[in-house]
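Each value in this text was obtained by applying a stated rule to the coordinates, not by laboratory testing. Nothing here was measured: the structure is a model prediction, and the numbers come from that model. As a convention, Cβ positions derive from the backbone with ideal geometry for all residues, glycine included, and neighbour counts pool all protein chains shown.
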Amino acid sequence: MKVFVFRRINAIIVAVAVLFTTVFSLSILASAATSFTPRLTAPSSTNKYYYSDINPFYKWGYGMPNCTAYAFGRAYEILGTEPKLSWGNAEDWYGYNKTNGYYSYGQAPKIGAVACWHYDGGGGHVAVVEKIENGQITFSNSAWNGTNFYLSYADTDDKNAGGSSWWNFDGYIYISETLQTDDFETGIYETNVDDYLNMRSGAGTSYSAIGAIPDGVKLIVTKTDGNWGYTSYNGTKGWVCLDYCIYLSSSPATEPLTTQPATAAPTTTKPAETEPATDSTSQEPTKPNTPDIPDSPSGSIGMGDINCDGAITIADATLLQRYLGDLVKLSDEQISYCDFDSDGQISVMDCTAIQKYLTS
């Protein structure tokens with residue numbers, strides 16, 4: 001009997017210890033997953049997210065300086081788990097995510113989001129949003145064959161997010177909607193929505209909608225409750241979800257509104273939808289355009305010449321990346337030219353092999 005009691009006590013102790021350890025570990029993981037520390041300096045050469053084989057760009061010889069290697073590593077660092085981002089060129093990242101539906105996306109800057117551009121004539125760039133304050137966005141970057149790490153800046157109302165005239169801004173990939181920074185504070189915000197943002201009678205979607213505020217309206221938020229802010233618009237006072245507003249600056253609670261849209265929105269008559277899951281102001285099609293790929297011309301030189309133009313160029317590697325990301329279709333003959341490393345499989349390693357061939 002004593003042995004039985006002794007074993008039972010040990011079992012209880014072990015169970016309690018395991019439960020405590022599990023809860024403690026989960027609390028640490030939860031804390032890590034919901035916190036955000038901006039990266040404003042270059043990662044060290046021992047940082048595994050950027051300089052080890054868990055980063056596919058580093059593994060296959062295309063590590064920093066390289067915007068894709070950096071952004072992939074930064075996303076990995078933020079999430080703590082491998083991000084479901086493209087392994088291809090920067091200009092394909094936004095379309096790749098949009099096609100596969102891995103993360104929500106849109107035009108409004110958010111902390112930790114991956115910003116994506118494509119260039120006229122080919123190419124692209126990706127960067128990561130580190131800070132949004134006083135109407136300014138701070139991005140962290142790396143440049144292929146250039147600067148290893150640098151910061152860039154853009155105004156929150158810049159539709160091209162700080163890009164040059166020959167850059168085309170695709171949008172932001174919101175790799176984590178659960179990231180938390182400091183609590184929302186009072187001050188001046190600007191609505192950033194595709195249609196209208198609800199004003200509600202209380203701080204939450206369970207409260208009734210009492211108004212509708214269009215995009216681009218500056219609001220004075222005098223108090224906050226979580227991610228909700230108390231404000232007024234066209235004489236109506238209520239609560240709005242600050243996730244769909246851009247913080248511009250702090251301000252006295254009595255400061256008057258300085259900007260209103262040219263056309264006022266209805267305040268009570270328009271049925272306001274529940275706050276959207278993503279900011280969908282992007283004008284891109286719901287699925288990236290898939291160009292018609294003609295039958296291979298007779299000028300093809302064979303393996304590696306995937307676009308069959310008679311030469312092996314970076315365009316072939318790009319076409320293969322787009323094929324792997326289900327963005328384009330290839331003919332049977334073109335597919336037969338894809339296994340450039342002759343390992344019996346068509347994969348991103350063939351893209352890397354083509355790129356190495358071109359730079360050797």
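Calculated on the alpha-carbon coordinates, the convex hull of region 43-191 measures out at 118 cubic angstrom per residue. Dividing the mean sequence gap of close Cα pairs (under 8 Å, 6+ apart) by how many residues region 56-174 holds gives a relative contact order of 29 percent.
Label sites at residue 153 and residue 249, each approximated as a point 7 angstrom past Cα along Cα to Cβ, lie 1.4 nm apart. Within the set of other residues whose C-beta is less than 11 Å from the C-beta of residue 137, count the net charge using Lys and Arg as +1 and Asp and Glu as -1. Neighbourhood net charge equals -3.
Between residue 164 and residue 136, the FRET efficiency estimated from the beta carbon spacing at R0 = 25 angstrom works out to 0.90.
Strictly over 30 Å apart at the Cα level, which of 98/237; 48/98; 98/131; 131/356; 48/159 would you flag in this model? The pairs that break the limit, which is 30 Å between Cα atoms, are 98/237; 131/356; 48/159. Can you work out the FRET efficiency for the pair residue 333 and residue 100, with r the C-beta to C-beta distance and R0 = 35 Å, to the nearest 0.05? The computed FRET efficiency comes out at 0.85. As an exercise, use a Förster radius of 35 Å and the Cβ-Cβ distance of residue 343 and residue 119 to find the FRET efficiency, rounded to the nearest 0.05. So the FRET efficiency works out to roughly 0.65. Our Cα-only numbers for region 301-360 put the radius of gyration and Dmax at 10.1, 29 Å.
Near residue 168, once Lys and Arg are set to +1 and Asp and Glu to -1 for all other residues with Cβ below 10 Å from its Cβ, the sum equals -3. Which distance in Å, rounded to a whole number, links the C-alpha centroids of region 41-103 and region 336-360? Spelled out, the Cα-based centre of one part sits 20 Å from the other.
Highest mean first, the peptides 229-237, 94-102 sorted by other C-beta atoms within 10 Å per residue fall in the order 94-102, 229-237.
Rounded to the nearest Hz, the phi-derived 3J(HN,Hα) couplings of region 228-236 under the Karplus curve 6.51 cos²θ - 1.76 cosθ + 1.60 (θ = phi - 60°) are 10, x, 8, 8, 9, 8, 6, x, 9, where x marks glycine and proline.
Each peptide in 106-115, 239-248 gets a packing score, the mean of other Cβ atoms within 10 Å over its residues, and the list from highest to lowest is 106-115, 239-248. Using the Cβ of residue 60 as centre and a radius below 12 Å, the other residues enclosed give a net charge of -1, where K and R count +1 and D and E count -1. Per-peptide packing, taken as the mean over residues of other Cβ atoms within 10 Å, places 330-337, 317-324 in the sequence 317-324, 330-337 from highest down.
For the pair residue 81 and residue 194 in one chain, pulling the backbone fully straight at 0.36 nm per residue adds 37.6 nm over the alpha carbon distance.
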